[in-house]
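S.K.: This is the structure, below, for whatever I ask next.
The values are calculated or read from the model by the stated rules, or taken from the named source; none is laboratory data. Owing to the predicted nature of the structure, the values given are computational and were not obtained by experimental measurement. Neighbour counts run over all protein chains shown; Cβ positions are idealised from the backbone, glycine included.
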Amino acid sequence: MELSTPMNDSRRWIALGILSMSLMLIVIDSTVVNIAFPAIRATFNAPFSDAEWVNSIYSLIFGAAIITWGKLGDQYGRRNIFIMGAALFALSSLGVGLAPTIGVMIGFRALQGLAGAMMSPSTLSIISSTFKGRERGIAFGIWGATAGVSAALGPLLGGWLIEYGTKIMAESWRLAFIINVPLAVIAIVGSLWAIRETNDNRQKHLIDWRGILFATLGLGAVVSGTIEGQTYGWLYAKKIFMLGSIHYPNLPLDAVIPTGTLSFVPFTFAIGLAFLALFVWWELTFEKKGGEPLFELGLFKYQSFRFGLITIFIIALGEFGVFLAISIYLQLAKGLGAFETGTQFLAFAIVTMFAAPMAGVLSSRFGAKWIVTAGMVCEAAALFWISRTLYIDKPVSSLIPPFMLYGLGVGLAIAQLSNLVLSDIPGNKAGQASGATNTIRQLGASLGIAIIGAVLFTGFATSATPLVQNSTAFSDFGARVEANTSLSPISKMIGSSMAGFGDKAKQGIITGLAANEGFDPNQADPLQTALDSIPSVGKNAMKAQGINLDDPATVAKIRQELGPDVKILQADIQNALATGFSTAARAAATLAAVFVMFGALSSLMLPNTKSHVTPETAATVV
C-alpha cells in the first residue's frame, strides 16, 4: 500500500522551510543553555548541579523518546505528531521562560525535550515521503545544513538576546526561550496549510512501553547519580537529600551528618544499572517473541553498526560537555558577555561547514573509515590544545586556532560516521537503526554533560578553595585604607570594617564552594556586602550622628572614596575564583579529549567503504 497523498507540489518548498525552521528551534534549544547557564544560575541562586540539570534533562528525554515518537508518527500520522510536538514545544518554552524556580524550569525543559523528540523524526519522515529524485537530495541537503548552521546560531543568538534583551526583560535569558513561542505557532499554522498528512499504512507498529520505562528509569538514575554526586557525595553523604517530606539521611536539616554515613548516590547507580540490565533482558525477550523492541539488539551483529554506535556514544561524551565547560570559562573566568562568548564559536562553525562537504570527496578516494578516524584525531588534538590554552592570562583569541582544528575534525567525522553506521544495515531496518543512533548520541550527550560537569564544578571547588584561603586581599585592603589620609571618617570606618570581616568573608566563600553553590567572580561586590552586614542598631546609631547609610548620596560618596581600593580588593577575589574556573575547565577539556581519542580508537574497528554518503543518510543522524 502506498503512502497517503503527498503535499501540494506548489507548497512543498514552503513546507520544507517550515520543517527546517522547526529543526532549527530544536537544535538551538540544545545549545543555547550553554551560553545562558551563568545567567540562569544567578537568577535562581541555584547550585551548579541544579542548573546543570537544565542542560542534561533536555538531551536525556529527547534521546529516550525519539524512537517512540518516530514509530507513532509512522502509525498515526507524521503531521499530527509534528503539530502536537510543536504545540508542546511552544507551551514548554513559555514555561521555561516564565519559570519562577529552578525546579519548575527543569520540569519544563523535560517537556521541551519530549516535544523535540516528537518533532525531529516527523520532519525527516515528511521530507522523505514528499520529495523524490533530484529534489529529494536537495531537500535533505537543506535539512542537514540547517542542523549544522543552527548549532552555530544557538550560542550566537542566545548570547545576543541575553546581552541586549535587557531593554525588553530584566532577566533577558528568558527571551532565548520565549522567542520560541511565536515561531512554534508559525510552524503549526504553516504546517496545517502547506503539509498534507503522511503515514505508513503498510504496517501496524507496536510500542515497546516496557522498554521505554526500563531505559528511561535506568538512564535517568545513572545520569542523576552523576550530576548529584558532586553535591551529595559520591560515596559518603556530605549533604542531606530532600524530596518532599523524605530526608536522607533521616536527620534534622541543621544536623551534622555522622562520618561514614553512606550517600544515596551509590544506590542510585545500582538502581540505574539494574534497570539497564532489565532493559537488555526485556529487549532480547521481546525481539524473540516477534515484537518491535525499542532498541533491536540483533542489529549489533552488523560490524558497522556495533562499532559505529560505540564510537558515537564515546565521542558524544566529550563533544557536548566540553562546550558547556568552555562557555562557563569564557563568561566566569574571562569575564566575557553572553554575546561575545557566542561569537567565539564562529571559527569552529565556519570551518565545520566547509569541512563536511570536503569529507565526502576525500572519502571516495581514501575510504570513509580513515576520514572518520582522521577527523576524530583532529578533534582530540584540538581539545587537548584547548585544555592547554584555558589560562586566565591568555587572550581569548588564542582559542581560535584550536577551534578551527576542532571544526575541521567535526566536519570530517560527523557525516561519514553516519554513513558508516548504516552501511551494512538492510533497507527495512534503516529507520530503526538511524533512530537508535540518534538515541545513543543524545544519551551520550546527556551523560557527557553530567560527567564533564561533575569534573568542572568539583574541580572548581577543589582549585579555588586554597586560593581563597591563602588570599591576603582583605588584609592588604586594610593596610591601604589605613595609609590613605584623604578618606573621610565614615569611609575609613567602613573600610576598616571590610578589612576586619575578611576571614569571615573568605570562610563564607569556602563554605559555599564545599556545598557546590558556586560563585560568579564577576559579581563580587565587597563594599555592598559590608554595608548590608551592618545591623540596624549600628545604622540607627550612625543616623543619630548625621550619617545615613540608607541615603544613596552617602553611599555614593563612600563608594567614590573607597572605589580604587575596592576595585583592587574585588580584582583579587575575582582572580582567585577565576583561576579556579580556569584550572577546572582545563581538566574538563582534557577529559573530553580522552573520550574523543577513545572514540578514534574505536573507529579503527569500523569497516572501510569508499561510497559516498547520501544526503538522506547524513540527515538521519544529525
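S.K.: Somewhere in region 318-325, is a residue closer than 30 Å to residue 590 by Cβ, crowded, with 22+ Cβ neighbours inside 10 Å and among the acidic types (Asp, Glu)?
M.R.: yes
S.K.: Can you name the condition, by its number, that residue 117 falls short on among (1) at pLDDT 80 or above; (2) more than 18 Å from the chain's Cα centre (by Cα)?
M.R.: The number of the failed condition is (2).
S.K.: So for region 361-376 (the condition being among the aromatic types (Phe, Trp, Tyr), under 24 Å from residue 306 (Cα atoms), assigned by TED's automatic domain parsing to the domain that holds residue 601 and at pLDDT 85 or above), does at least one residue qualify?
M.R.: So far as region 361-376 goes, yes, one or more of its residues are among the aromatic types (Phe, Trp, Tyr), under 24 Å from residue 306 (Cα atoms), assigned by TED's automatic domain parsing to the domain that holds residue 601 and at pLDDT 85 or above.
S.K.: What pairs come out if I take residues in region 275-293 that are at negative phi and pair them with residues that are surrounded by fewer than 19 Cβ atoms within 10 Å (Cβ to Cβ) and of a type in the set (Lys, Arg) whose C-beta lies under 7 Å away, six or more apart or interchain?
M.R.: Note: pairs meeting the criteria are 282/210.
S.K.: Do we find a residue being aromatic (Phe, Trp, Tyr), out of contact with any Asp or Glu (no Cβ under 8 Å at 6 or more places or on another chain) and not in a helix (DSSP H, G or I) anywhere in region 348-356?
M.R.: No, every residue in region 348-356 fails to be aromatic (Phe, Trp, Tyr), out of contact with any Asp or Glu (no Cβ under 8 Å at 6 or more places or on another chain) and not in a helix (DSSP H, G or I).
S.K.: Look through region 262-309, keep the residues that are assigned to a loop (DSSP other than H, G, I, E, B) and not hydrophobic (A, V, I, L, M, F, W, C), and return whichever of them is modelled with the highest pLDDT.
M.R.: For region 262-309, the residue satisfying everything is 263.
S.K.: Within region 454-492, track down each residue that is farther than 20 Å from residue 391 by Cα, β-branched (Val, Ile, Thr) and surrounded by 15 or more Cβ atoms within 10 Å (Cβ to Cβ).
M.R.: 481, 490
S.K.: Sticking with this structure for a sec: Suppose we keep only residues that are at pLDDT 75 or above and among the hydrophobic types (A, V, I, L, M, F, W, C) within region 43-59. Which one would you say is surrounded by the fewest Cβ atoms within 10 Å (Cβ to Cβ)?
M.R.: 44
Residue-wise test of (1) at pLDDT below 85; (2) in contact with a helix residue (DSSP H, G or I) (Cβ under 7 Å, 6 or more places away or on another chain); (3) not in a helix (DSSP H, G or I).
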{"site": "41", "(1), (2), (3)": "yes, yes, no"}
{"site": "62", "(1), (2), (3)": "yes, yes, no"}
{"site": "65", "(1), (2), (3)": "yes, yes, no"}
{"site": "68", "(1), (2), (3)": "yes, yes, no"}
{"site": "71", "(1), (2), (3)": "yes, no, no"}
{"site": "79", "(1), (2), (3)": "yes, yes, no"}
{"site": "87", "(1), (2), (3)": "no, yes, no"}
{"site": "95", "(1), (2), (3)": "no, yes, no"}
